[in-house]
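The values are calculated or read from the model by the stated rules, or taken from the named source; none is laboratory data. Keep in mind the model is a prediction, meaning the values are calculated, not measured. With ideal geometry, Cβ positions are generated from the backbone for all residues, glycine too; neighbour counts draw on all protein chains shown. Just so you know, the surface numbers come from the protein's heavy atoms only, side chains and all, with ligands and any DNA or RNA stripped out. Shrake-Rupley method; radii C 1.70, N 1.55, O 1.52, S 1.80 Å.
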Amino acid sequence: PDYSVALLTLSTGRRIVLGAPLAFGEGDVKQRIKHIIRYRNPTTVVLALAVVCCLTSTACLATDPLPYGFRGDSTDPALLVSEPVSPSLDSAISTALLDILSGTDHFAECFGEGHLVLDYQQQGKRVTVYVLAISADYQFIDDMLISAGGCGVLPMVLLFQETDGGYTLLDWEMTGDFEEEPYIETLFPQSLWERCYKSEDNSYVYEALQPQQDKYAEEYLATTGRKAKVGDYEDLNWPLLSDFGVSVEVDNKLTESDLLSSYPSGIGKQEQVEDGVRYVYRKAYDEQKRLISFTKSNYATGELVERFCFDATDGTLIQSLSTPKAGTT
């Protein structure tokens with residue numbers, strides 16, 4: 001059979017590069033071909049037993065109200081129902097999420113969060129809040145305010161102490177790696193498990209919370225006096241050097257260089273505020289001259305601060321208008 005021929009071909013030393021390893025062992029090809037040759041069509045009894053087993057398994061799975069590891073992309077509106085809370089508690093939730101989830105990306109100029117209150121429980125002055133939260137770090141990229149980092153839909157538990165002036169965050173927990181630990185079941189009431197599982201990595205829920213998150217960016221943008229679009233990486237058109245025939249080795253060499261760590265990974269520009277001064281970091285490629293250039297300039301004055309030029313054929317530095325740090329390439 002064709003499958004046996006394929007096994008023999010693979011066993012002769014010809015290797016195929018795959019994106020993932022094979023799901024079975026590559027050894028003992030001889031024995032596997034013998035099994036194939038000895039294969040016989042199953043009897044009626046065997047087929048009947050197989051059908052019964054399949055039906056039984058299907059019934060068991062269908063009656064399980066919450067199969068662990070479930071990932072859904074449900075558009076059920078019930079997922080977006082938020083438990084009403086007081087404005088002061090909602091404000092405390094926002095403040096807490098910004099403090100917890102804001103990234104450490106030195107490029108970021110502002111942070112945003114979005115949340116949905118699934119439920120809350122109050123015992124005396126202490127309030128436990130169960131939320132679904134998202135967050136983003138925003139940066140000016142190609143004249144747009146882009147959510148350049150952050151997290152997707154994340155089930156979290158927040159513990160507050162009620163005070164005369166509002167609420168103080170005492171403690172918080174977030175679910176761990178979905179594939180590693182069933183933290184949802186240890187942190188959340190059982191009545192919320194299904195909503196948590198269906199909401200993790202759910203684009204429907206993320207898109208519903210995104211306007212809350214983007215509102216922070218829009219408010220920040222208003223303070224700058226600039227007119228720009230608030231968006232995410234999908235709005236960028238950043239071709240890579242490899243798109244123009246530059247080798248992947250050269251592209252990786254430049255991308256991984258400490259000297260160029262503040263520059264875009266693709267051809268384009270991004271901004272960074274340093275000691276109160278806004279700078280533009282630009283990466284460009286001259287296809288005719290086979291020249292890759294990196295320039296840093298003052299946003300307000302346009303003054304060139306640094307410039308690095310590299311040979312696109314081998315990544316050799318051929319021009320530098322600033323002093324490289326010791327030990328960098």
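Entry note, segment 115-191: relative contact order of 23 percent, from Cα contacts under 8 Å with a spacing of 6+ residues.
Surface analysis of segment 184-329 yields an accessible area of 56 Å² per residue, using protein heavy atoms and a 1.4 Å probe. Checked against a 29 Å cut-off, the cross-linked pairs 198/227; 229/283; 229/296; 227/296 give Cα-Cα distances beyond that limit for 198/227.
Return the Rg/Rh ratio of segment 115-217 with Cα-based radii and a Kirkwood Rh.
We get a ratio of 1.02 for segment 115-217.
For segment 176-264, compute Rg over Rh where Rg is the Cα radius of gyration and Rh is the Kirkwood radius from the inverse mean 1/r over Cα pairs. Here the Rg-to-Rh quotient is 1.14.
Derived scalar couplings between HN and Hα for segment 265-279 equal 7, x, 6, x, 9, 8, 10, 8, 9, 10, 6, x, 10, 8, 10 Hz in order, rounded to whole Hz, by the Karplus curve 6.51 cos²θ - 1.76 cosθ + 1.60 (θ = phi - 60°), x for Gly and Pro.
Using the Karplus relation 6.51 cos²θ - 1.76 cosθ + 1.60 with θ = phi - 60°, the per-residue 3J(HN,Hα) values for segment 80-86 come to 9, 6, 9, 6, x, 10, 5 Hz, with x marking Gly and Pro. Our estimate of slack between residue 236 and residue 122, defined as 0.36 nm per intervening residue step minus the Cα-Cα distance, is 36.6 nm. Convex hull volume of the Cα atoms of segment 205-329, normalised per residue: 152 Å³.
Give me the percent of the accessible area of segment 213-329 that comes from carbon and sulfur atoms, probe 1.4 Å, all protein chains in place. Roughly 46 percent, rounded to a whole number. FRET efficiency for the residue 75 to residue 304 pair, using the beta carbon distance and R₀ = 51 Å, is estimated at 0.50.
If you average the sequence gap of Cα pairs under 8 Å that are 6 or more apart and divide by the length of segment 220-296, what percent do you get for the contact order? Write down the numbers at each step before the final one.
Values: 77 pairs, mean separation 14.9, N = 77.
Worked out over segment 220-296, it gives 19 percent.
The string of couplings for segment 305-311 from the Karplus curve (6.51, -1.76, 1.60, θ = phi - 60°) is 9, 8, 8, 10, 10, 10, 6 Hz, one whole number per residue in order, with x for Gly and Pro.
Only Cα pairs under 8 Å and at least 6 apart count here; give the relative contact order of segment 154-302 as a rounded whole percent. Before the final figure, lay out each step's value.
Working: 139 pairs, mean separation 15.2, N = 149.
This gives 10 percent for segment 154-302.
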